[in-house]
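Following: one structure in structure tokens, then a few remarks.
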Amino acid sequence: MPAALPPSALVRVPPVSRELTSSWLRRLAAQYGLPPQDLLRGVINGPHPVHVTGSPKPGLELFLNSPAREAFSRFTRIPPSRLANLLPSHTHPHDRLDDDSDVRAVWSAPCHRWVTACPPCTSRAWTVEQPVLVYPGPCGHICQRHQRWLLADSERASSICLGTMPDILSSHRQHLALVRAHPHTGRVVALAAAVVWSWQTQGWKGDTVWQHRTHRLAQLTSCRVSAVAAHPLVPYPETITLTRLLIDRGFQQRLRAAATTAGPPTASTMLLQELGRRTGRPWLADWLTAHTRLSRPQPPDGGSDLLRRWLTLLANTPGETIGEELWRMPGSAMRPQHYGDRSGVLAEGRSHSVTKEARAASLTGGWEPSPPQGDRAPTPCP
């Protein structure tokens, strides 16, 4: 077992805001010229037994119990409260760390997706050997200052230049404003993403807006169109546009009044027409109506019925009591979490080669619009 490292060997490597604990440890280990596991054992070594579960594979998070966190605080001379503020996973529980009688650490998969931090923004922390990995939070997947969509690569800086895609940057600014103004934005974005996903699977391959955006993304990443079609960047503007519409209290009142006075079909038509206007697709209402009539019957919680389900909940919910229930959706309606599952649908079954190409370009990880498990920091899990 490695001996405890002397305090005199201290190297100042503070964490970056929202950094993975594993990323911080790797950067710290690189400064000492040690493998991460050796530094970890050296820091938490002491008179009590030490238990380290797992190995530091790329993409894994490091979880520490209380004695291990105290050891890192003593070693780095960074107060525990500051470490807790900077490292989202630092103080969250893990089922293998419920015993504080011994010093314990676990390498495990994080519950939330991570991205490589923008290199210019973290230039003092970035090294060639070890990039800075962070949890992007609600909308930290884009650096507005440097116009980059941040991707997930544990070995190098990986991002997409958005300088020629102003619609993405504009949507992100709207996304930021929504996050600041509305407490349920994360849930609404997830709902909107599920609705837009249902459109992607309903034959929108001829949509010129998505075609242009997909081809542009393919050029920027040097990938085939089929490899980038499932990336969340492609439907991002429509997702945020729908989010803004659903969260608009004034429009909610208009829909509720229309449903009461003229009936749900009229309110549904109003919703689709307004959505078509805001997304620049005047044909949207007629297309969706025709598709619903021609398609096979679907369960009430199917993706194509999400808007109808949401509208029913809205009509039956008093305006002053709108909360999480309005944004809660069944699991079967969510868009697939895994990139291969999405690309397999959009690429008509060629998921293996498509996913392999997308993975090589770091497109399969990073920010995804999914229902938040907590209101703030990511909550690690085994």
Can you tell me how many residues in segment 67-105 are basic (Lys, Arg), within 15 Å of Leu20 (Cα to Cα) and buried (at least 17 other Cβ atoms within 10 Å of the Cβ)? 1
Unique match (being modelled with pLDDT under 95, more than 22 Å from Ser89 (Cβ to Cβ) and outside the structural domain of Leu217 (by TED's automatic domain parsing)) among Pro120, Pro183, Pro131: Pro120
Could you please give the count of residues in segment 167-189 that are of a type in the set (A, V, I, L, M) and surrounded by fewer than 21 Cβ atoms within 10 Å (Cβ to Cβ)? 6
Counting only strands (runs of 3 or more DSSP E) wholly inside segment 5-115, the ones holding at least 1 residues that are modelled with pLDDT under 90 and over 27 Å from Trp367 (Cβ atoms) are 50-53
Tally the residues that are of a type in the set (Phe, Trp, Tyr) and under 18 Å from the mean Cα position of the chain (by Cα), restricting the search to segment 223-278. 1
Given the structure, is Thr164 of a type outside the set (D, E, K, R), within 16 Å of Pro237 (Cα to Cα), out of contact with any Leu (no Cβ under 7 Å at 6 or more places or on another chain) and loosely packed, with under 15 Cβ neighbours inside 10 Å? yes
Residue under evaluation Gln147, criteria (1) free of Cβ contacts under 8 Å to residues at least 60 places away in the same chain; (2) buried (at least 16 other Cβ atoms within 10 Å of the Cβ); (3) within 30 Å of Pro56 (Cα to Cα), criterion not met: (3)
When you go through Ala194, Ala262 one by one, which is the residue that is farther than 26 Å from Pro330 by Cα and out of contact with any strand residue (DSSP E or B) (no Cβ under 7 Å at 6 or more places or on another chain)? Ala262
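The values are calculated or read from the model by the stated rules, or taken from the named source; none is laboratory data. Predicted, not measured: the structure shown is a model, and the values here were computed from it. Because the Cβ atoms are built from the backbone with ideal geometry, glycine has one as well, and the counts that use them run over all protein chains shown.
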